[in-house]
1. Do the alpha carbons of any pairs in A:Lys197/A:Lys281; C:Lys12/C:Lys63; B:Lys162/C:Lys51; A:Lys16/A:Lys415; A:Lys20/A:Lys109 sit beyond 24 Å of each other, and which pairs?
2. Which aspartates and glutamates have a Cα lying under 20 Å from the Cα of B:Lys102, excluding residues fewer than 8 positions away in the same chain?
3. Residue by residue through region B:75-82, what is 3J(HN,Hα) from phi via Karplus (6.51 cos²θ - 1.76 cosθ + 1.60, θ = phi - 60°)? Round to whole Hz and write x for glycine and proline.
4. Once every DSSP H run of n ≥ 4 in chain C is given -39500 (n - 2.57) and the sum is divided by its residues, what mean residue ellipticity at 222 nm do you get, rounded to the nearest 500 deg cm²/dmol?
5. Please express the Cα-Cα pair-distance distribution P(r) of region C:18-63 as a list of whole percents, one per 5 Å bin, running from 0 to the bin with the greatest distance.
6. Which ³J(HN,Hα) values in Hz, rounded to whole numbers, follow from the phi angles of region B:43-51 under the Karplus curve 6.51 cos²θ - 1.76 cosθ + 1.60, where θ = phi - 60° and Gly and Pro get x?
7. Hey, can you grab everything whose amide H is under 5 Å from the amide H of A:Thr518? Only 5+ residues off in sequence or another chain; H modelled, so Pro and N-termini drop out.
8. Evaluate peptide A:213-225: per residue, the Cβ atoms of other protein chains within 10 Å of its Cβ; return the mean as an integer.
Amino acid sequence: MSEASTAKHVSYLDYKGRYKGFLGWILSTDHKRIGLLYLYTMLGFFSVGAILGLLMKTQLIAPGYTIMGPQTYNALFTLHGIIMIFIIVVPGLPAVFGNFFLPIMIGAKDVAFPRINLLSWWLYVIGILIVLTSQFMGDGPPDTGWTFYAPYSFRTPTNVLPAVFGAFVMGFSSILTGINFVVTIHRMRAPGMKWLKMPLFPWTLYGTAWIQILATPVIGITLLLIVAERTLGIGFFDPALGGDPILYQHLFWIYSHPAVYIMILPAMGAISEIIPVFSRKTIFGYKAIVLSTMAIAFVGYFVWGHHMFTSGMSGRALFAFSFLTFLVAIPSAVKVFNWVSTMHRGSLIMQTPFYWAVSFIFVFMIGGLTGLVLGSLATNVHLHDTHFVVAHFHFIVFGGTGFAFMAAVHYWFPKMFGRMYDANWANMGWGVFFIGFLALYLPMFYLGIMGMPRRYYDYLPSFHGGNILSSLGAWVMVAGLLIIFINLVRSARHGQKTSEKNPWNGRTLEWQVDTPPTLFNFDEIPTVTKRPYDYEE
Amino acid sequence: MLEHRDDQGAKLGMWLFLFTELLLFGMLFVVYAVYRSMHPEAFRIAGEELDVVIGTINTVILLISSMTVAMSITAIQKGDKKRALQLLGITLLIAIVFLVNKYFEWGAKFEYGFYPGAGELAELGYGTILFFGLYFFMTGLHALHILIGIGLFIYVIAQVRKDRIHQEDYIWLENTGLYWHLVDLIWIFLFPLFYLIH
Amino acid sequence: MSEEKTHIVPYKTQVAVVAVLLVLTAVTVAVTRLEFGTLNTLVAMLIAGIKAVIVMAWYMHLKYEKALLPMLVTGVIIVFLLVLFVTFFDYSYR
């Protein structure tokens, strides 16, 4: 037991286990270290993805060839999508903050299967490496878009196989994380923490984990079928052999729509953590938020056809999917209402996490409402495959998951690193980023309505003005990102040290453990009596 | 590392993994359903190319292997190591026989020139191409799972022999059993859909 | 966990189960040789479903587990069937 007693007093960052140094990190089964491994990997690849986006926007600053031709542009938006979707936002908050904080927030010493947790990260990394080979092999990087639509995805000579196979491997990472989290939440909650005493971030991780388990296999089999098309010519999606390309789209979106709920539910969970703390007020409608989380996870399985309104589906399918899409918007609206009601008559603490959380609500609403515009059949016919769609999903995914991720990182940063970031630089970074974000994406709504298509390296001269604003916005936004990242990275290593357990006066378990946490989080597993967010002293 | 044993948790985890397999194969059944609804006659005629006798034999032995693995768990629970090993041995043998049957079945198809999406197949109608594409892909993926099962049984048999799986700790055996039953369940649905369309 | 009493399924039960499964297999083969038209597939799937439930209940131990597992299994099967159903909104009405 002597190892355990040393572990009690050493921060997880300094703990020396079986392996030393770098190996001690990449072979660690400590959920906190694994969370950081994901964070660092994602930081690296997000930067690559952002640079790709910036290059695309630079190409689009003027009509015609600016810095690249069509083939390069197609390869760029494909890789940008693959990175941002599969490497960043799908693992997203669960991989980083779920891994780091789920056990602590429910009063556990680790997740249910720590070794499988490490395997998840390794599969993620291996998947990434396989995807990267697609960029450098002889036949050229894939140009299909991250959606790999048939029949082009099996007719194009480019390196679709490794890209698709890499995504397949990453899918296993997601599935194993989902399994780990469901079992952890079912089996390892501290005594007294009944389901309805569990904080909201773990609740959203639970809903998300179910989607990871039930939806990811669908993309798994779909990608395998693309492999079968390319290698065997099996014919399921090939009209020349009797196959239906629309069936590919069904299979693809049966995963990829629930996938967006994997992206957004934990984001909403983080916001639900932050708003009560910075409003000094208990969350409004805890049960409604729990129910709406489960409702979104469930109904979200049945709306996938709204990505396919112009594909050639039957009229009945069109009606059904549009109706279900409107239905799924309701629980999301419930959450927004509850967040705003929490803030109402609260004592607002104006600090960095709160700025991110409030701006999240703003951009998420724009994203969500424009989703209804797209979910409506008549408008969709006009807007499908235009820049309106690009604006919508960047508002809801980048605005949603991205802003929430930033909020979460600034909220949990002191606990994770035992250091504080510079608040002034953080706020300035937020401001510059936010302005750039709006300048980059708002014009796209207009451009889309006026008819500018997506995934083209060129456009009509009438779209030039909007594109100038948008492309300049991209540069401003990236400047904001630089400020934010440099601040965070410097502060993690050289920032003001702190051992303050509860800098924000939070009411959930992670604010009762050491800063930074020790290896096993708790000296003794606590018995929980209060509900979370209890500010009614 | 933390030592913490939770057999119920491990079992729950295994069931969750089985759910992923259900969805994985489930989507292939969706593809089957779609194409069969589009080409009912062609599927019916193509189905008659398959050998009902081999299919039925495979179904029967796989069901028996589910029984033997379930019985092996009972044996371990009773502390009867010898019987457990016998039953696991039979299960493993059945798995191998299944694959051998598959090998002959597929071999016969290849002799006709039926390869997935190629050979003589490409000359025939859409429905036939799709039927055989689905046949090869689904039974192929199923066979891959049988192969993985064989690997698992070899491991489990070794663990039982070394007394690492025993009366007080047999969750590995239980979970392998669950996996094997899933493989059986998939075949329970594959069999009528490919071999018994009349 | 060691505090729970482990339920041991008797050998006899397991043999009885396989007998039922084999009978149902024979029934499936026999039934599909008769001409029921489109009903054939429905009957075959129904029998397959019954066999599946039997395997899950006795061999996979669901009959003896706490309520959570059978509920989850049922839920997942329902989700899958709904996905199949919704997909046919497209294919049945083209």
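What follows is calculated from the coordinates using simple rules that are stated; it is not laboratory data. In this text the structure is predicted, and so the values were computed from the model without any measurement. All Cβ positions, glycine included, derive from the backbone under ideal geometry; neighbour counts span all protein chains shown.
1. Check vs 24 Å cut-off fails for B:Lys162/C:Lys51.
2. B:Glu48, B:Glu49, B:Asp51, B:Glu111, B:Asp184
3. 4, 5, 4, 8, x, 8, 4, 4
4. My calculation for chain C gives -23000 deg cm²/dmol from helical runs alone.
5. 5, 23, 27, 20, 13, 8, 4, 0
6. Once θ is set to phi - 60°, the couplings for region B:43-51 become 5, 4, 5, 4, x, 6, 5, 7, 8 Hz.
7. A:Tyr12
8. Numbers: counts 6, 11, 4, 3, 9, 7, 1, 4, 10, 2, 0, 4, 5.
Going residue by residue through A:213-225 and averaging, the value is 5.
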